[in-house]
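Enquirer: Got a structure here, written out as structure tokens. Questions coming.
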Amino acid sequence: MTYKTRTLAFWLSILLFLVISPPVLFYATGWRLTPGFNIERTGGLFIAVPESGSKVYLNNELRSETGFFSSGVLLQNLTPHNYSVLVAKDGFWPWTKTLPVKGSEVVEGRALMIPLTVTAESVDAKSADYKTTLKAIDALKAAIRTATSTAARLGLAKDERGRAQVWFDAGNRVWIEWLSDSPLPFYLDDIKKPIFQSRSTIHGISFLPGRNDIVVLATENGVFALEIDGRPPQNFQPIYKGANPYFARIGDSLYVLDGAALAKIAL
């Protein structure tokens with residue numbers, strides 16, 4: 001190869017480097033050209049998933065499946081707009097949410113997954129748990145009967161770390177209040193706000209054991225798990241169906257009283 005040829009090859013390689021480097025750097029730093037020919041930086045989604053073996057879909061496309069050691073899925077390099085997320089597993093109610101991805105940010109979501117069939121254990125009417133539950137439910141019934149103002153905080157309950165509390169009022173609205181000095185979690189946009197309006201009388205409220213973003217409430221003929229996260233849709237999954245149930249939470253278990261029958265439910 002002659003000196004002239006080597007020189008030409010050298011300058012061509014420099015030129016090629018200068019042509020290729022900007023788009024490579026552009027892509028590597030998270031910038032994308034959107035369908036509308038706008039240049040935007042990508043973001044991501046982190047979905048916390050409580051059940052291993054769950055499938056995670058993004059805009060109806062399977063993107064990941066959780067394993068035994070993975071409690072969440074990180075979806076990266078997403079151009080900013082709204083994404084439909086679905087988490088599904090056989091034997092559980094599916095969870096879905098529309099989440100807005102923002103440039104240079106990771107948006108969080110936490111799947112609610114209640115088994116389609118919840119195991120309930122009958123509690124003897126002579127046991128201490130039966131008496132404790134009955135006392136708590138009788139106190140709640142008395143408070144509901146005497147409540148005349150929507151300012152009443154019926155069934156007031158705190159989460160396990162004492163950072164938030166929930167209650168319902170005489171108008172059957174469910175409220176949450178953030179008590180901690182720490183920043184608001186992703187599922188809240190205000191320190192105190194109503195998160196649900198029931199069309200029927202509410203019979204009880206608590207946090208779901210192990211979760212500070214899920215409320216358990218009894219209304220109509222069932223006990224349900226309701227997510228605090230109001231980004232649509234606000235998922236609402238059944239735990240127990242019966243006639244006219246009330247419930248109390250003792251430790252990590254829910255005790256559901258329906259008529260004279262008391263059942264212990266561990267979730």
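The values are calculated or read from the model by the stated rules, or taken from the named source; none is laboratory data. Only a predicted model underlies this, so the values are computations on that prediction, with no experimental measurement involved. Neighbour counts are summed over all protein chains in view; Cβ atoms, including those assigned to glycine, are modelled from backbone coordinates with ideal geometry. When the accessible area is computed, the model is the full protein with side chains, heavy atoms only, and any ligands, DNA or RNA have been set aside. Shrake-Rupley method; radii C 1.70, N 1.55, O 1.52, S 1.80 Å.
Enquirer: For the chain, give the percent of accessible area contributed by carbon and sulfur heavy atoms, probe 1.4 Å, rounded to a whole number. Show your work: numbers first, answer last.
Expert: On the way: 8400 of 14820 Å².
Looking at the chain in its full context, I get 57 percent from C and S.
Enquirer: Does the range 76-152 classify as rounded, prolate or oblate by the C-alpha gyration tensor (a ≥ b ≥ c root eigenvalues; a/c under 1.5 gives rounded; else a/b over b/c gives prolate, otherwise oblate)?
Expert: Working: a/c = 4.30, a/b = 1.88, b/c = 2.29.
Since a/c reaches 1.5 but b/c is at least a/b, the shape of the range 76-152 is classed as oblate.
Enquirer: So how strong a dipole does the chain carry about its Cα centre when Lys and Arg Cβ are +1 and Asp and Glu Cβ are -1, to the nearest 20 debye?
Expert: Working: 28 positive and 24 negative charges, 80 e Å.
Dipole about the Cα centre, nearest 20: 380 debye.
Enquirer: From the backbone phi of the range 233-245, what are the Karplus-calculated ³J(HN,Hα) couplings (6.51 cos²θ - 1.76 cosθ + 1.60, θ = phi - 60°) in whole Hz, Gly and Pro given as x?
Expert: For the range 233-245, the Karplus-derived couplings read x, 7, 5, 9, 10, x, 10, 8, 10, x, 9, 8, x Hz, x marking Gly and Pro.
Enquirer: List the residues whose amide H sits under 5 Å from the amide H of R63, counting only those 5 or more places along or on another chain, with H placed 1.01 Å from N in the peptide plane.
Expert: For R63, the qualifying residues are V56, Y57, L58.
Enquirer: Follow-up question, since we're still on this one. Taking H placed 1.01 Å from N in the peptide plane, check which residues at least 5 places from F92 or on another chain put their amide H under 5 Å from its amide H.
Expert: Under 5 Å from the amide H of F92: L116.
Enquirer: Enumerate the aspartates and glutamates that K192 could reach by cross-link, defined here as Cα to Cα under 13 Å, with residues fewer than 8 away along the same chain left out.
Expert: Counting by Cα, and skipping residues close in sequence, K192 has these aspartates and glutamates nearby: E177.
Enquirer: Here are some pairs, K131/K264; K55/K102; K135/K158; K55/K193; K126/K241; which of them have Cα atoms lying more than 22 Å apart in this structure?
Expert: From the list (K131/K264; K55/K102; K135/K158; K55/K193; K126/K241), the Cα-Cα distance tops 22 Å for K55/K102; K55/K193; K126/K241.
Enquirer: Toward the positive end of the charge dipole of the chain, about the Cα centre and with charges on Cβ (Lys, Arg +1; Asp, Glu -1), which of M113, L86, P238 goes farthest?
Expert: It is L86, whose Cα lies furthest towards the positive end.
Enquirer: Bin by bin, in steps of 5 Å, what percent of the Cα pairs in the range 46-187 do you find, going until the bin that has the longest distance?
Expert: 2, 8, 12, 12, 13, 14, 14, 11, 7, 4, 2, 0, 0
Enquirer: How big is the charge dipole of the range 30-182 about its Cα centre, in debye rounded to the nearest 20, if each Lys and Arg gets +1 on its Cβ and each Asp and Glu gets -1 on its Cβ?
Expert: 300 debye
Enquirer: Given the range 154-222 reduced to its alpha-carbon atoms as identical point scatterers, what log10 I(q)/I(0) does the Debye formula return at q = 0.17, 0.23 Å⁻¹?
Expert: Debye output, listed in q order: -0.57, -1.00.
Enquirer: If you don't mind, another one. If the cut-off is 19 Å between C-alpha atoms, which aspartates and glutamates fall inside it for K141, apart from same-chain ones fewer than 8 positions away?
Expert: Answer for K141, where 19 Å is the Cα cut-off: D129, D169, E220, D258, listed by chain and number.
Enquirer: Viscosity 0.890 mPa s, temperature 25 °C: Stokes-Einstein D of the range 186-267 from its Kirkwood Cα radius, in µm² per second?
Expert: 185 µm²/s
Enquirer: What ranking, highest mean first, results for peptides 248-258, 179-189, 160-170 when packing means the other Cβ atoms within 10 Å averaged over each residue? Write down the numbers at each step before the final one.
Expert: Details: 248-258: 19.2, 179-189: 12.5, 160-170: 17.3.
Result, highest mean first: 248-258, 160-170, 179-189.
Enquirer: Sticking with the crude label model, points 7 Å out along Cα→Cβ, report the distance from Q197 to F46 in nm, one decimal please.
Expert: 3.5 nm
Enquirer: What's the extension gain from A157 to S253 if we count 0.36 nm per residue and subtract their Cα-Cα distance? Each step should come with its number before you reach the end.
Expert: Numbers: separation 96, 0.36 × 96 = 34.56 nm, distance 1.46 nm.
Using 0.36 nm per residue and subtracting the Cα-Cα distance, I get 33.1 nm.
Enquirer: While we're looking at this one, here's another question. Under the Karplus relation 6.51 cos²θ - 1.76 cosθ + 1.60, θ = phi - 60°, what is the ordered set of whole-Hz ³J(HN,Hα) values for the range 150-155, x standing for Gly and Pro?
Expert: Each residue of the range 150-155 in turn: 5, 7, 5, 9, 7, x Hz.
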